[in-house]
Structures are given as structure tokens and as C-alpha cells.
Amino acid sequence: MMSASSKHPGKPLRVLITGATGFVGRHLIAYLEAEEKRNKSGRRLEITGTCYPERPDECPDFRAAAPRVMLLPLDLRDPGAVSVAVAACRPDRIFHLAAISRVRASWDLRRETIETNLMGTFHLFEAARLRAPSARILFISSSDVYGEQGPRRMPLRENSPLSAVSPYGFTKLSAEELAVFYARMEKMAIVIARPFTHTGPGQGPDFVCSDWARQIAVIEAAANGKKNGGPAAVLKVGNLSVRRDYSDVRDIVRAYALLLEKGKSGEAYNVCSGKSLALREILRMLVEKSRAKIAVKVDPDRVRQADIPLLAGSYARITRETGWRPRYDLETTLSDLLKYWRKKVRGPAK
């Protein structure tokens, strides 16, 4: 949560969120605004968010959900635009969420991934150094920086070896080094969050759990009104043997808020559930919630290049230093995700 204490009770706490219109950004804004309401003695929040490639007028659903947020278009690859944006909002806090975050896409968009995730982060740090040197910054990295470790090294801790195995992982690992450099040499307050895989209501279909939930919702909608004796519909999947540590996005954003206030500059913190499940088990949980007959089929096009077979983390450090612990269980997360897609597929009530 944003700190309640303040030496400037009449001055708003200015927050900049890059990638505000994305899945995590929207949940973060909802969490910060809810905390502001609960903590009435704290400073009022003045939130500025960035969007790209869409423009603010192309985000009507975001504007409806977060009418107080000032939304700016920002391509992180443009250093001048980044400098102007930081100077305009003069933030006290920066959540750097914006990135090309799909591992598979990073193989096809290598240059764009490096320019956005690494150089874009450099541009933001430089703009903050010159325009908002006292701002606290949370850089969002990824568990992909650990690469392939093997079961004997699980659960992964922040001092585990780092070894990226995708362009996406490489950019996050490199940007972590950049964050440590600015924290050490420029004395900037930059904290690193290493979230493991997360999902929840509102996630786009480019990510596995949301893709499956969307397919189930579409299958249910098509089966609505048909006899139960009909054939099972096909749900397409990729590699089901991969094991991941899944968290709820609502737990993730709560961790981000706590880390920005209480995390140590230049240090990295795992944000995870501490549990690892095979994707086939997660698929089973989703299919069991379905109202239609479903047959599962592996689609070769959905099998990712260089898939890390196992990722499981320890959240001991963030608990020790901020008190954070996960609150949502995966059953609840998947139920809420499926409800989201059922409503989206069904469309607005007439």
C-alpha cells in the first residue's frame, strides 16, 4: 500500500504507472485506489498511466474503470517522449510495468523486445534521474531470469543462479543489472520485483490459463441449447508437462505496492505462491468447471520454443521484509478467470 504517513498532508502523492492499461496495470490501479479509500488519513493519490500502442481515446473501457487516472501515450523506445512524460507528472512513485511480456513473441520480435524492455527501461531510469531523482521506482522483472535450474534447486531464491533462455528473459535480466547499477552508482531508489507466473480475471488470451478459460467459455456458449448427447468440443493446448508457480494477479499487485514502499533499493524479491503445478493439473481444474463436454488436443503451434520445464519460487524474503503473503488459492483464481471469460463471451446484457 502507499505510505499513509506524510510530511506534506496537503500534497498529493504522484504515481506514474507505465503500461497502465495492461492486465496487471488495471489491477494495480484498482488496488491503489481501494487502499486510498480505506486509508483516509493518508495522502491523496494522483495517478498518471501510460499506454502503447493504443492512444488514450482508444481505451474507453479503461477510462470508464479508472476515470481519475490521467492517461498518456508513451513509446518507451523514444527517450525524448519518456523524458517529457516524467517531467510532466513529476512522480514520487513509479511502477514500471510496460514491456513486451510474451515469451513466444519475444523470439519473433527480438529487436523490438530489446528496444522496449531494455532500452525503454534505460530511458525511464535516465528520465527519472534527471526529472524525478527522489522518486522510488519498482522495476518489474520476471522469474524467467532464472532460466532452467533443475528440480534440486527448487524452490528458487533470489540468490539462485540466473540464466536467461529467451529474448524476453535476456531483456529482463539485463534490465535488472541496469536497475542495480542506477541504485548503486546514482543512488536512486530502485526495487526489483521478480514475479512468477500469474493470472486472474482480465488477462488477455495470449497467456495459457486465460487462453484455456476463453476456449472453454466459447465452447460453452456454442453448446448452449444443444443436447448433452452431442460430441465433445476440442480444446487446443500446448506442452502440458511444464510446471509453474502460479499466483493471483490481485496478490501480485498487493506485493508490488508493498515492495515500492518497503523494499530495499538494488535488491530483488520473488513474488510467487511457493507451489508448483504441472499445466495438465491446472487444465484439469479448469475443465472440471466447464458446463460442456470437452476433449483436449495438443496443438503443435502452441508448443513454445525453449520452454522452461520447471519454475518454483520461495517468497521468504518478501514476507520477511514486507509481511506479504499470498491470499488467493488457485481454485478461486481459475474460477474468477472463467467467470470473466463467460461474461466477456456472452457480451453485454440486452
Going by what's in this entry, would Thr322 be described as touching a residue at least 40 places away in the same chain (Cβ under 8 Å), crowded, with 17+ Cβ neighbours inside 10 Å, under 27 Å from Ala30 (Cα atoms) and among the β-branched types (Val, Ile, Thr)?
yes
Count of segment 325-336 residues which are out of contact with any Asp or Glu (no Cβ under 9 Å at 6 or more places or on another chain) and either outside any helix (DSSP H, G or I) or without any contact (Cβ under 8 Å) to a residue 60 or more places away in the chain (or both)
2
Candidate set from segment 137-171 (those that are in contact (Cβ under 8 Å) with a residue 60 or more places away in the chain and assigned to a helix (DSSP H, G or I)); member that is farthest from the chain's Cα centre (by Cα):
Pro151
Expected output for segment 15-38 (first residue surrounded by fewer than 21 Cβ atoms within 10 Å (Cβ to Cβ), partner charged (D, E, K, R), Cβ below 8 Å, 6+ apart or cross-chain) is Tyr31/Arg250; Tyr31/Arg254; Glu33/Arg68; Glu36/Arg44
Filter pass, Leu279 being farther than 29 Å from Ile29 by Cα and crowded, with 19+ Cβ neighbours inside 10 Å
yes
Is it the case that Lys339 is part of a helix (DSSP H, G or I), touching a helix residue (DSSP H, G or I) at 6+ places or on another chain (Cβ under 8 Å), more than 21 Å from Arg102 (Cα to Cα) and of a type in the set (Lys, Arg)?
no
Would you confirm whether any residue within segment 238-245 is modelled with pLDDT under 95 and assigned to a helix (DSSP H, G or I)?
no
When you check Ala257 against the structure, is it within 22 Å of the chain's Cα centre (by Cα) and not aromatic (Phe, Trp, Tyr), yes or no?
yes
Taking into account only those residues within segment 201-231 that are part of a loop (DSSP other than H, G, I, E, B) and modelled with pLDDT of 85 or more, which is surrounded by the most Cβ atoms within 10 Å (Cβ to Cβ)?
Gln203
Among the helices (runs of 4 or more DSSP H) lying completely within segment 39-133, list those that include at least 1 residues that are out of contact with any strand residue (DSSP E or B) (no Cβ under 9 Å at 6 or more places or on another chain) and within 22 Å of Lys187 (Cα to Cα).
79-89, 120-131
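The values are calculated or read from the model by the stated rules, or taken from the named source; none is laboratory data. Note that the structure is predicted; figures quoted are calculated from it, not measured. Cβ sites come from the backbone with ideal geometry, for glycine too, and all protein chains shown count toward neighbours.
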